[in-house]
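Worksheet: one structure, shown below.
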Amino acid sequence: MTQTEDLLRRLAPQVLGALVRRYGHFDTAEDAVQEALLTAVTRWPAEGVPDNPRGWLITVAARRLTDLLRAEQARQRREETVARRLPPEGWTAPPADQPPTGYDDTLVLLFLCGHPALSAASQIALTLRAVGGLTSVEIARAFLVPEATMTRRISRAKRTIRDSGVPFGLPPAAQRAERLGSVLHVLYLIFNEGYASTAGPALFRADLCAEAIRLTRLLHRLLPDDPEVTGLLALMLLTDARRSARTGPDGTLIPMAEQDRSRWDADQIAEGLGLVAEALPRGGIGPYRIQAAIAALHDEAPSAEQTDWPQIVALYHLLLTLTDNPMVALNHAAAVAMAHGPAAGLDLVDKLGTDSRLADDHRWYAVRAHLLEQAGERAAARAAYEVAADRAMSLPQQRYLRTRAARLDAVPPDEAR
């Protein structure tokens, strides 16, 4: 990703927030922002990035939004109302161009997309689109649903926000608590898409990881005493700390068991461990605190063999009481294999094979292939690796899985003697 693209990704939700705060019309504002981003992509490489890129984007998007509103409404009253608005150039001067209350418009967008009129799935999908900048394909992948289904869901969510008339701003404390669950889930999915991209040439997207962590830090500052917010921030930091060791010099995927742990980010690990210690004693259980505790056990272990796998199995078992997510069950099966042997893990993985949500997901085949390889079933493992590679949409994952399959074509050392 170029510096310009990275800048535009970071500014897009801020510009959208500024337009929605000023004009409303969430769905039309998003269209206007997308056109402003496209204009920037075509003009900035030749003309240079403006001194105030955010203000530039707001100005272009606001003008386009005005055009779109006039075309949609086609009524003199709407035109006069829009015409009386403060010119968008005025937004670029302090204090209107700066967050007035210690948070930015991106955080407001998170809660706006968590409006109770939306279903939980629609809240998450809309936020991933408007705040995270993910495509419909990426969001559908995260939800394990067809792309067409996700496109319809996002369109309906936009219409609902538009028709709700909800003002742009952070909701009162009581409403904030109601919407927090979907906001946390959104941030979690944005981070996951960044850390393990579902498609494309790169294994991870550092920009999405950084944005998810930034937004979660904002949320943590807003709600410092919420243990699940603290747990989610800890989970992100502890997971992202391993990122630089996940690929070789040529971009090849390196599984955790084979990573050089000296390359893990010690500062992020220390911060994450501190947050886990802060969140766990607060009583009750929550999915993000449990996952943060699992990540902490991984990061504290000197090696894969020295990891406290029985404790990780117990934590995954506890997590399964809170969610029916098949990926949690798949991770639990992999941990069981590490703690009790590949046969025990395979038994659980095979039972998950009937879950339709995993039917087209390469990860089930990849885990099964790995456990078959550990069990010495080379031919079955090779076939499973090939199927996993065929279903993977990320190029580094495809290469890794095909390499694992090719290694099994070689004659085992004990058979060569």
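Under the condition of being part of a loop (DSSP other than H, G, I, E, B) and at pLDDT 80 or above, which residue from the range 29-86 is farthest from residue 10 (Cα to Cα)?
Per the stated criteria, the residue is 48.
Any residue that is in contact with a Gly (Cβ under 6 Å, 6 or more places away or on another chain) and modelled with pLDDT of 85 or more - is there at least one of those in the range 171-183?
There is at least one residue in the range 171-183 that is in contact with a Gly (Cβ under 6 Å, 6 or more places away or on another chain) and modelled with pLDDT of 85 or more.
For residue 367, are the conditions met, namely being among the β-branched types (Val, Ile, Thr), surrounded by 17 or more Cβ atoms within 10 Å (Cβ to Cβ), part of a helix (DSSP H, G or I) and free of Cβ contacts under 8 Å to residues at least 24 places away in the same chain?
no
Being small (Gly, Ala, Ser) and under 29 Å from the mean Cα position of the chain (by Cα) is the filter here, so list the residues in the range 340-386 that pass it.
345, 353, 356, 359, 366, 369, 384
So, of the residues in the range 354-375 that are among the polar types (S, T, N, Q) and out of contact with any helix residue (DSSP H, G or I) (no Cβ under 9 Å at 6 or more places or on another chain), which turns out to be farthest from residue 396 (Cα to Cα)?
Ranking the candidates gives 354 first.
On the given criteria, is residue 187 surrounded by 15 or more Cβ atoms within 10 Å (Cβ to Cβ), among the aliphatic types (A, V, I, L, M) and either touching a His at 6+ places or on another chain (Cβ under 6 Å) or not in a loop (DSSP other than H, G, I, E, B) (or both)?
Judged against the criteria, residue 187 is a match.
The values are calculated or read from the model by the stated rules, or taken from the named source; none is laboratory data. All of these numbers come straight from a predicted model, not from anything done at the bench. All Cβ positions, glycine included, derive from the backbone under ideal geometry; neighbour counts span all protein chains shown.
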